Amino acid sequence: MKIKILLIIFTILLISCDSKYEAKDPDGIETLNSGKLTVYCDELLKPILDSAFKLYTQEYNKVELTVEYANSRNVMSQLLSKEVRVVVNARDYLSDEDSLMNAFKLEKHKRFIIAYDGLVFFANKDFPVDTLNANQIGKAIVSGENLSKSTNGLSFEPTYATLDQYSSVYANFNSMIVKDNSLKRKVELFENIDELKKHVASNSSIIGIGFLSQLVNDKKFKMIRLGYDSDSLHKYITPKPVHQGYIVQDLYPYKVPYYAYLLEDRQDLPFWFGTYLAKQETVQKLFLDQGIVPAFARIKLKYEE
């Protein structure tokens, strides 16, 4: 039977640019659509967010927007040290960041989810299997169990590779799979996605771990379909193609949110910048076209034979 691929059709709940965007900030220094704003953004999101930032500056040409791209750890440190008023990062707080905030009795930041990506396992096209069990991969990496013993068609133990510990890929890998445990199997770390892809392409026994957005248009690799035990649905989910249509249905185990974090919980320039990323129609359509899931949309699914 031919596998049906899900396509997304959506209608954006558009925030119109009405008079609330013209309201003055209480301190009189800036308005909600004019002033200076510096944003720190996770460098892994540059291929997607760079276009969104350009759309913002075209629409709000009275805002002097400065975007700094850095690794995920650096981005969050800029927020926690109050150096910037808004950051965009593809992860939640890390455990040590949580501990630091608790120690200083700091409240969690106001944040918007602007889109969803996926943490994916990918391999050379010659990798012998197309589907794996997510729970068993986790046990292989964390506990050292043999994946080959539980996987038909796999006659060897794969090796694993992902991006370094400063990246949002690694942060999600740790929070979703490793859960701060020590690893029984070595996972090789790479500084950027190009180096990681080159390593995975070099050998058909390697499983790479990255974001869907980094692999969706790269035909040199195959993204491995994952079956898994769903805690929320209380049933086993059979392997599906790695696709935004299954992420939006919560039929993929590793859903990665893109957050816009705000330093101040007030309706100021950073607040409306975050709102623009989260709810503006053109930006959300941009996310859809990039192969990820727009966060603020009515989703309709169309099945193709």
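Just so you know, all these numbers are worked out from the coordinates, no wet-lab data involved. Quick caveat, the model's predicted, so the values are computed rather than measured. Cβ placement follows ideal geometry from the backbone for every residue including glycine, while neighbour counts extend to all protein chains displayed.
Observations, loosely collected:
- Were the residues from ASP180 through THR159 laid out at 0.36 nm apart, the gain over their Cα-Cα distance would be 5.6 nm.
- Remark: GLU64, GLU107 ranked as GLU107, GLU64, counting other beta-carbon atoms within 10 Å and listing the fewest first.
- The residues neighbouring ASN192, those whose beta-carbon lies less than 12 Å from its own, together hold a net charge of -2 under the Lys/Arg +1, Asp/Glu -1 convention.
- Average Cα contact separation per residue, the chain, under 8 Å, 6 or more apart, as relative contact order %: 31 percent
- The value of relative contact order for the range 28-149, using C-alpha pairs under 8 Å at least six residues apart, is 22 percent.
- Relative packing of peptides 171-178, 187-194, 207-214 - highest average C-beta neighbours within 10 Å first: 207-214, 171-178, 187-194
- Relative contact order (%) - criterion: Cα under 8 Å, at least six apart; region: the range 117-255: 38 percent
- The chain - mean residue ellipticity at 222 nm from DSSP helices (-39,500 (n - 2.57) per run, n ≥ 4, rounded to 500): -8000 deg cm²/dmol
- What the phi angles of the range 190-205 give under the Karplus curve with 6.51, -1.76 and 1.60, with θ = phi - 60°, is a coupling list of 10, 6, 8, 5, 5, 5, 5, 5, 4, 5, 5, 5, 7, 7, 7, 9 Hz, glycine and proline written as x.
- With 0.36 nm allotted per residue and the present C-alpha distance subtracted, the ASN146-LYS46 stretch has 32.3 nm of extension available.
- Rough spin-label spacing in nm, given labels placed 7 Å along Cα→Cβ, for SER232 and ALA103: 3.3 nm
- Candidates ASN71, ASN124, ASN61, ranked by Gaussian network fluctuation over the chain, Cα under 10 Å, top entry: ASN61
- Of LYS197/LYS240; LYS46/LYS219; LYS220/LYS279; LYS105/LYS179; LYS108/LYS285, those spanning more than 27 Å from alpha-carbon to alpha-carbon: LYS220/LYS279; LYS108/LYS285
- Helix 134-143 vs. the chain, principal-axis angle (Cα, 0 to 90°, nearest 10): 80 degrees
- Here the Karplus relation 6.51 cos²θ - 1.76 cosθ + 1.60, evaluated at θ = phi - 60°, turns the backbone of the range 51-66 into coupling constants of 5, 5, 5, 5, 4, 4, 5, 5, 7, 10, 6, 8, 9, 8, 8, 10 Hz, with x for every Gly and Pro.
- Beta bridges per DSSP with both ends in the range 117-255, % antiparallel, nearest 5: 55 percent
- Relative packing of 41-52, 141-152, 269-280, which averages over residues the other C-beta atoms within 10 Å, highest first: 269-280, 41-52, 141-152
- Packing rank of 222-234, 109-121, where each peptide gets the mean count of other beta carbons within 10 Å, highest leading: 109-121, 222-234
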